[in-house]
Amino acid sequence: MTRHLLLPNGSLRGAGFSRRAVLGLLGAAPAALAVGSAFPGGASAETTGGTLNVFSWPNYFSNQSLANYTRKSGVTPNITSYDSNETLFAKLNSPAGADFDLVIPSSSWIKQMADKGLLQEIDHNRLNFASLDPALLDRDYDPGNKYSIPKDWGVLGVVYDPEAVGAEIKTWQDFLDAGAKPGVSGKVRLSDSGWETIGMSLWTHGKDWNKATEAEIRAAGEEIKAFAKHVKTFSALDPNQLANGSIVLAQTNQGTARAAIGLNPKLKFVVPGPMSELWVDNYAIPAKAPNLDQVYDFLSYQIEPEVQLAETQYIGFPAALAGLREKLPADTKNADLIFGGKDLDFSKLTSFVVDPATIGVYLEVQTEIQAAAGG
C-alpha cells in the first residue's frame, strides 16, 4: 500500500507496513497500538535557535538548494527521513513527533492527519501562492489548501513494451486484457497499493474509489484476484527489469517509467482511462511545530520559482510551479514524461483519500490479491 519513487540516489521510496498497525492508528480496528518506539525514523535533534526540524522522505531536497537557504537565512534544516506515509502518521500521532516543524505527507493522508489534529492550518497571509500551479490547488483531499501546500506530484500509469504486448494501451481494461496474453502473462507488475490495484477495476466500471462501498471494493478485488495469476511481482519496480524484458507491462509512476525509457527507448508510458491517480506530496505543519517563523521562512524560499525548478531537476518529479514545463532547460531528456506525458488531462485524474471506514477493506483485499498471485 505504498508508492515507490525512484529517488536521486537510486533508492526506492516504499516499505511494508502491517495492516493491523494502520487500522489501529486510524481507529478502524478495535485494538489500540502503542506507537512511541515501534517505527523507524529516529528522534529529531533538540530544537535550538537557528534549527529547523524537517521530517521527510529521504533525499527529497536538493543539497544545493538547502545550502543556498542556509547561506541566505543562517538556518540549517535538520532533516530526518521516513519510508512511508504510515510511518509519518504514526510518528506524528506519538510524543516522538512533537519536535518536528515541517512534514511532507502525500495527498492520500492529509485529511486523516488533519482530522486527528496532527496538522495546523496554513497561514496563507504569510506565503505567496502566486507561483503555484492552480491545477494542484484546492483539490478534493484538502479544499482551500487549509493544511497543505503542494511540493511535487506524480501519476499512476502504465509502462509497457509495445512489441511484447502487441497492442496500444489506452484504458485499464486494455491493461488487463494485455496482461493475460501469452508472452505477457508472468511478466506483469502491479502496485503493492490496494487502492491502486483495485482502483483500476473500479474505474473501469465507472466507480469512484473514494466513494466505493465495501461490496464494490470486494467485487473489484475479485476481478483483480482473477488477473493475479498473470502477475510476476508487486515489488518496487527496477527500471532495468523493463529494459531487459523480464517485465513487459507494469503499473508505475512517470519517474520510474522515464528512467526505464531512458534505458530502452522502445518502451511506452501512458496514463490509462477512464480515470487514474494523481498523487501530490505536500508541505504541512505539525500541530505542535515549535519554530513557526522558521517554517514560514523556509516555505517562502521553497516555493520561489527558481528553487522549484532546481528541485524538479534534482528529484525528477515536477514541482508545483505554474508553467514549469516551459522553464525546464531545452535539452532535458524525455521532458514530457516528467509531467506524465504531453497530453495528460488533469480532469481525468483523482487523488485517493484514506477513509477509516474502507481502508481496511482495501488492505485486506490487496493481501488476498497478492496471495492469489503466489507472492
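Each value in this text was obtained by applying a stated rule to the coordinates, not by laboratory testing. For clarity, every value in this text was computed on a predicted model and none was experimentally measured. So basically every Cβ, Gly included, is an ideal-geometry build from the backbone, and we count neighbours across all protein chains shown.
Scan segment 194-228 for residues that are of a type in the set (A, V, I, L, M, F, W, C) and buried (at least 18 other Cβ atoms within 10 Å of the Cβ) and jot them down.
Result: TRP195, ILE198, MET200, LEU202, TRP203, TRP209, ALA212, ILE217, ALA220, ILE224, PHE227, ALA228.
For segment 291-328, which residues satisfy the criterion of being assigned to a helix (DSSP H, G or I) and β-branched (Val, Ile, Thr)? Result: VAL295, VAL307, THR312, ILE315. Does PHE317 qualify as being over 18 Å from SER56 (Cβ atoms), aromatic (Phe, Trp, Tyr) and under 21 Å from the mean Cα position of the chain (by Cα)? For PHE317, the condition - over 18 Å from SER56 (Cβ atoms), aromatic (Phe, Trp, Tyr) and under 21 Å from the mean Cα position of the chain (by Cα) - is not met. Taken together, PHE352, PHE339 contain a single residue that is surrounded by 14 or more Cβ atoms within 10 Å (Cβ to Cβ) and touching a Ser or Thr at 6+ places or on another chain (Cβ under 6 Å), which is PHE352.
Would you check if SER191 is in contact (Cβ under 8 Å) with a residue 40 or more places away in the chain and surrounded by fewer than 20 Cβ atoms within 10 Å (Cβ to Cβ)?
no
Which one of these is under 20 Å from SER191 (Cβ atoms) and more than 17 Å from the chain's Cα centre (by Cα): THR350, THR332, THR358?
Numbers: THR350 fails: more than 17 Å from the chain's Cα centre (by Cα); THR332 fails: under 20 Å from SER191 (Cβ atoms).
Exactly one of THR350, THR332, THR358 is under 20 Å from SER191 (Cβ atoms) and more than 17 Å from the chain's Cα centre (by Cα), namely THR358.
Run down TYR314, TYR362, TYR301 and say which single residue is among the hydroxyl-bearing types (Ser, Thr, Tyr), touching a residue at least 40 places away in the same chain (Cβ under 8 Å) and over 30 Å from GLY194 (Cα atoms). Quick ask: steps written out before the conclusion?
Values: TYR314 fails: over 30 Å from GLY194 (Cα atoms); TYR362 fails: over 30 Å from GLY194 (Cα atoms).
Going through TYR314, TYR362, TYR301 in turn, the sole match is TYR301.
Select, from ASP355, ASP331, ASP336, the only residue that is in a loop (DSSP other than H, G, I, E, B), of a type in the set (Asp, Glu) and within 30 Å of LEU263 (Cβ to Cβ).
ASP331
Evaluation of TYR296 against the conditions (1) more than 18 Å from the chain's Cα centre (by Cα); (2) over 22 Å from ILE122 (Cβ atoms) shows that the sole unmet condition is (2).
Could you please find all residues in segment 81-106 being over 21 Å from PHE298 (Cα atoms), among the polar types (S, T, N, Q) and surrounded by 24 or more Cβ atoms within 10 Å (Cβ to Cβ)?
Of everything in segment 81-106, just one residue is over 21 Å from PHE298 (Cα atoms), among the polar types (S, T, N, Q) and surrounded by 24 or more Cβ atoms within 10 Å (Cβ to Cβ), namely ASN85.
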